[in-house]
Amino acid sequence: MDHLFFRAEQRSEWGEQFKQLFPKQALEAIAEADRWCAGNRLVWKNLEIDLGDPVDWLHNPTGDKEFTWGINRFKHLRCLGIAYACTGDEKYAAKALEHISGWIDTQPCPRNLPAEELTYFQRPGPWRLLETGLRLRQWVYAYHFFHGSDSWSGEREQRFYESVKEHAWFLSTFTASIEINHSIMHMIGLLSAGLTFVSWEESEGWRTKAVERLEDCIRVQVLPDGVHTELTPHYHMVSLELFVDCAVMLKKRGHAFSAEFERILAGMMRFAGCMTRQDGTMAPFADSYASQPPDLNAAALYYDDPSWVLGEQLHEQFWTVGPERIHGLLEEAGQNRASAISDDLRLPFAFPAAGYYGLGNEEQKLIFDAAALGGPHGHADALSFEWCAFGEALFVDPGTYTYMETPWRCYFKSTSAHNTVLVDGQDQTPYLRTQRWGVPEAGVSLLAWEPETQMVCAEHDGYAGRGIRHRRAVWFLDSGEWVIYDALTGEGEHTFQHRLHTRLLEWQVEKLPAAQNALYFAKGSGLDGGSSPLGCEMLVFGPESMELDVEDSWESVHPMTMQPLKVLQSLLTSKQGGWFITVLKPCRENGECMPAEWSIRMDAHNVPVLSLNRAEEKKDFYMPV
């Protein structure tokens, strides 16, 4: 039968179940659907925009082409469908078909353009391949929601079917590069149509084409350790969710991807889990946001693993698998809340092909970025890190803020905005514009990885043109301290800015007397507006001319919003390279980090060596060579 998710006669029953399981989301969907019915008004980045009556699908008052692309993906059909299933009110079905019919009337398929233009991924307009694939996916859901309603009948419904076939023809004819995640989104639309309308003679060809290309996508786009090649947690999660959704749909029709596809998919799951902070949000390296936990619900359903369930987001899968499956998974998840951490996610961890490493224990977690730039979505953040302690993110990546070409876009992608060292005020890789980096691109090399002793060391050559190489080593000690050792080698006068971005907003900085071994002692507090007692004590070592100050900065947890951060900046100008050694320890009281226990000496080659000397532990920290 031509239904993949649910039949028309199941719609109202599922709607009642949805209201019981997810009352908040049901009310939100109905409110959004009512806004569309009242006047075709879209809320975009906190702005309410009137799209006209009838809708002008090329209307764009924002100056951002993402807006035009977004409205042509038809994601809003989901709220109209949920409202119809929950209430039975025919106005929602009528509005959905009005939008689809109006779009078909005004946006003819560009059949006569050169293939190079049709497949160019930045091409403006509603028939860009990405929008075509995502729109077709939403139209397939619309079919399930509205098929059999009074509004969906006769000639208008027939034109909908004809346009579905035209979309599928377009996606199967004009195939773009499989090297970027857009291609997954092209094929999920084609696969959705091929698996839904199984009585159509074209459907088997669409399914075969989509499966073959998705197999190619996962092989080409995912590194051997399971990380998407863009090296960006957000786009890794997007790709993972799309791959899993495709596997779920295939399974519902009695098909499956290859064993190799499944093996790679499992590796992607491990990276998603490891890149989760202690507070459950995602570490937002590169073009990512830390606005919510990684959504692994689709994978939880596919692998039947309740430990991955994120209850607040489970409503997204309801219309794919149905109330019985959701009830079962919620019940299983409730019984497994205290389940142990999977061995695959335990610290320390390494993704050597990608360049991400994790150190710590159940109380603390540090993710070290020894990754390459990763393409247009990368940031100039080589050797940066994120640090969590006792469930709180203390030193953070700032996120993304916006994709629009503004000074803020440039800042949030810059070296200055990350927990690394800035040389002469320049980015590690030159910034050209929002989705384009210049040359030379910074290359990163791993020098040491010792999981048994919890140490990692890497260097990058982003400042080689200035005659400088930056090497960083990180150790985690059984006593709970972190040692971060930065060496910048080269000749000529340069200014080095060692920048650490923290959510602790109140800092006391003390320059220690000459008799002390460290140059500075700093204590931070003021987490979550002062509501948390957790803080950090820090010792900073460096050449005598080094200065330490505290600056204001910003973090973007949600798009187009900023929250304050503080930056602890160690500043040094030198003609003989430079070095910084930082000791960090989370604290709830004073005196947890003892300056007298730490000292610096110079070895025979005039290279700094940090020594720890306490009754129960004595250790020297050398920069690996």
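Name the shape class, rounded, prolate or oblate, that the alpha-carbon gyration tensor gives for the stretch 484-625, where a ≥ b ≥ c are the square roots of its eigenvalues, rounded holds for a/c under 1.5, and otherwise prolate holds if a/b is larger than b/c and oblate otherwise. Verdict is oblate for the stretch 484-625. A helix-only calculation puts the chain at -10500 deg cm²/dmol for mean residue ellipticity at 222 nm, using -39500 (n - 2.57) for each DSSP H run of at least four residues, averaged over all residues. Pair-distance distribution P(r) for the stretch 558-613, from all Cα-Cα distances in 10 Å bins starting at 0: 14, 33, 30, 16, 6, 0 percent. For the chain, the solvent-accessible area works out to 40 Å² per residue, with a probe of 1.4 Å and every protein chain left in place. Ranking Leu113, Val140, Gln454 by Cα position along the charge dipole of the chain, where only Lys, Arg, Asp and Glu carry charges on their C-beta atoms, puts Leu113 farthest toward the positive end. Once the Cβ-Cβ distance of Glu363 and Lys24 is raised to the sixth power relative to R0 = 30 Å, the FRET efficiency obtained is 0.35. Accessible surface of the stretch 490-562, 1.4 Å probe: 47 percent of it comes from carbon and sulfur atoms. Residues whose amide H comes within less than 5 Å of that of Thr573, counting only those at least five positions distant or on another chain, are Phe496 (H built at 1.01 Å from N in the peptide plane).
Once you have a ≥ b ≥ c as the square roots of the Cα gyration tensor eigenvalues for the stretch 42-100, tell me rounded if a/c is under 1.5, and otherwise prolate or oblate according to whether a/b is larger than b/c. Here the stretch 42-100 falls in the prolate category. Taking Lys and Arg as +1 and Asp and Glu as -1, the other residues whose beta-carbon sits under 11 Å from that of Glu551 total 0. Relative contact order of the stretch 34-143: 28 percent, from C-alpha pairs under 8 Å at least 6 residues apart in sequence. Remark: spin-label model distance Met594-Thr489 equals 3.5 nm, labels positioned 7 Å along the Cα→Cβ axis.
Candidates Thr406, Gly267, Val474 compared by Cα position along the dipole of the chain: farthest toward the positive end lies Thr406, with charges placed on Cβ.
Between Leu330 and Val509, the contour length at 0.36 nm per residue exceeds the alpha carbon distance by 59.6 nm. Full extension of the chain between Thr402 and Glu16 yields a length gain of 135.1 nm, computed as 0.36 nm times the residue separation minus the alpha carbon distance. Distance between the modelled labels on Gln107 and Asp279, one decimal in nanometres: 3.8 nm (7 Å Cα→Cβ projection). Seen against the Cα atoms of the chain and their longest principal axis, helix 11-21 is set at about 30 degrees.
Can you give the relative contact order of the stretch 446-526 as a percent, counting alpha carbon pairs under 8 Å and 6+ residues apart?
Relative CO of the stretch 446-526 lands at 17 percent.
Can you give me the relative contact order of the chain as a percent, contacts being Cα pairs under 8 Å and 6 or more apart? Reported as a whole number, the value is 8 percent.
The alpha carbon centroids of the stretch 88-125 and the stretch 454-468 are separated by 48 Å. Computed from point charges on the beta carbon alone (+1 for Lys and Arg, -1 for Asp and Glu), the dipole magnitude for the chain about its Cα centre is near 680 Debye.
Taking trypsin sites (Lys or Arg not before Pro) as exposed when their DSSP state is a loop state and no more than 10 other Cβ atoms lie within 10 Å, the longest site-free interval of the chain runs over 1-336. Take the Cα of Glu316, step 7 Å toward its Cβ, do the same at Glu66, and the gap between the two points is 1.7 nm. Per atom type, the stretch 344-426 shows carbon and sulfur on 54% of its accessible surface, probed at 1.4 Å. If the chain linking Asp150 and Lys45 were pulled fully straight, counting 0.36 nm for each residue of separation and taking away their Cα-Cα distance, it would gain 34.4 nm. Quick one: angle between helix 23-39 and the longest Cα principal axis of the chain, in degrees between 0 and 90, rounded to 10, please. For helix 23-39, the angle is close to 60 degrees. Taking the Cα centre of the stretch 234-289 as origin and assigning +1 to Lys and Arg Cβ atoms and -1 to Asp and Glu Cβ atoms, the resulting dipole is close to 240 debye. Computed 3J(HN,Hα) for the stretch 254-260, one whole-Hz value per residue from the Karplus formula 6.51 cos²θ - 1.76 cosθ + 1.60 where θ = phi - 60°, is x, 10, 7, 6, 6, 4, 5, glycine and proline marked x.
Treating r as the C-beta distance of Lys252 and Thr175 and R0 as 22 Å, the FRET efficiency rounds to 0.30.
The values are calculated or read from the model by the stated rules, or taken from the named source; none is laboratory data. No experiment lies behind these values; they were computed from the predicted model shown. Note that we place each Cβ from the backbone using ideal geometry, even for glycine, and neighbour counts take in every protein chain shown. Heavy atoms of the whole protein, side chains included, go into the accessibility calculation; ligands, DNA and RNA do not. Shrake-Rupley method; radii C 1.70, N 1.55, O 1.52, S 1.80 Å.
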